[in-house]
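Everything on this sheet refers to the single structure shown next.
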There are 2 protein chains.
Amino acid sequence: MEQEQLGFRALADVTRRDILRLLAEKDMTIAEVAENFDMTRAAVKKHLTILQEGDLISVHVSGRSRVNALNPIGLKQMFDWFSYFDAFWEDRLSTLKSEIEKDLQ
Amino acid sequence: MEQEQLGFRALADVTRRDILRLLAEKDMTIAEVAENFDMTRAAVKKHLTILQEGDLISVHVSGRSRVNALNPIGLKQMFDWFSYFDAFWEDRLSTLKSEIEKDLQ
DNA sequence: TAATTATGAAACCATTTAGTATCACGTCAA
DNA sequence: TTGACGTGATACTAAATGGTTTCATAATTA
């Protein structure tokens, strides 16, 4: 699957977005991440795999542990997707703003 | 469903992201949007409904036509979701940058 | 070395998703 | 006012998704 699609797929689930916010605080093993959710470790592991496929987290093996960390580069690339619309919304938002101001006169 | 989830769900499909890019150029009826894809008008209509539920487009009925337009506010809100990670990636990316520079010395 | 711990992986299930085909409905033009 | 046109809506299907349970494997530690 294409990288852009893998990224958006990874973000499409609320549990995975919550995992990203957790990992923004500190790196965690699978077990540590799983403590924060009301589901099995196996389910959390699947989410972590999808996040990794989306390049939003990186994993580094240490002994029998797998430490999951947020990947700033992948996350930034998702952010950058929206910049395609930058010109569009700046234009429209300022138009909206001036229309509202005109209405208030 | 929660608004954040509706937005991310809407973005999780490549056809819908393509529709957004089309609508960034100009507003279109369902039939006009459908001309750009190799699928039935009914399928495109479903995608437009999901985009509308995600607040990423707005629809304005004109006679027997439905004109779909990009919603800059909804799109901006999705963009803003990522700002939660702003501090994180700016910090990490600059760390990465300085590590790479150190390696090159 | 044996028990424990952290994880990987496969099989299975219910629900959602993305598409199809089909038909009904409101609007516009001749 | 009768078609034709643009759309809405429903029923259906195959595949993907998000969860479970269960078992295997590799690394620690007593």
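Coordinate-derived values only; no laboratory data. Keep in mind that this is a model prediction, so the values were computed, not measured. For neighbour counting, all protein chains shown are included, and Cβ atoms are generated from backbone atoms with ideal geometry for every residue, glycine included.
Computed quantities for the displayed model
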{"item": "Label point 7 Å beyond Cα along the C-beta direction, distances from residue A:63 to other copies (nm, shortest first)", "result": "7.4"}
{"item": "Sequence-distant residues sharing a close amide H with residue A:57 (under 5 Å, placed H)", "result": "A:52, A:71"}
{"item": "Viscosity 0.890 mPa s, temperature 25 °C, Stokes-Einstein D of the protein assembly as shown from Kirkwood C-alpha radius, µm²/s", "result": "128"}
{"item": "Percentage relative contact order, chain A, counting C-alpha pairs under 8 Å, at least six apart", "result": "27"}
{"item": "Ordering of A:70-79, B:24-33, B:53-62 by packing [mean C-beta count within 10 Å, highest first]", "result": "A:70-79, B:53-62, B:24-33"}
{"item": "Reachable lysines, given that their alpha-carbon falls under 29 Å from the alpha-carbon of residue B:46 and they are not under 8 places away in the same chain", "result": "A:46, B:26, B:76"}
{"item": "Built amide H within the under 5 Å cut-off of residue B:29, gap 5+", "result": "B:68"}
{"item": "Phi-based couplings in Hz for the range A:69-75 (Karplus 6.51, -1.76, 1.60; Gly and Pro marked x)", "result": "9, 4, 9, x, 5, x, 5"}
{"item": "Chain A, closest residue to the rotation axis toward B, by beta-carbon, whole angstrom", "result": "A:12, 2"}
{"item": "In sequence order, calculated HN-Hα J values of the range A:11-23 (Karplus, 6.51, -1.76, 1.60; Hz; x Gly/Pro)", "result": "7, 7, 10, 5, 4, 5, 5, 5, 4, 4, 5, 4, 5"}
{"item": "In sequence order, calculated HN-Hα J values of the range B:83-100 (Karplus, 6.51, -1.76, 1.60; Hz; x Gly/Pro)", "result": "5, 3, 9, 3, 4, 4, 6, 4, 4, 5, 5, 6, 4, 4, 4, 6, 5, 5"}
{"item": "Part-to-part distance (alpha-carbon centres) for the range A:1-55 and the range B:7-33, which is given in Å", "result": "27"}
{"item": "Fraction of beta bridges assigned by DSSP in chain A that are antiparallel (%, nearest 5)", "result": "100"}
{"item": "q = 0.10, 0.11, 0.15 Å⁻¹, chain B: log10 I(q)/I(0) [Debye, one scatterer per Cα]", "result": "-0.40, -0.46, -0.66"}
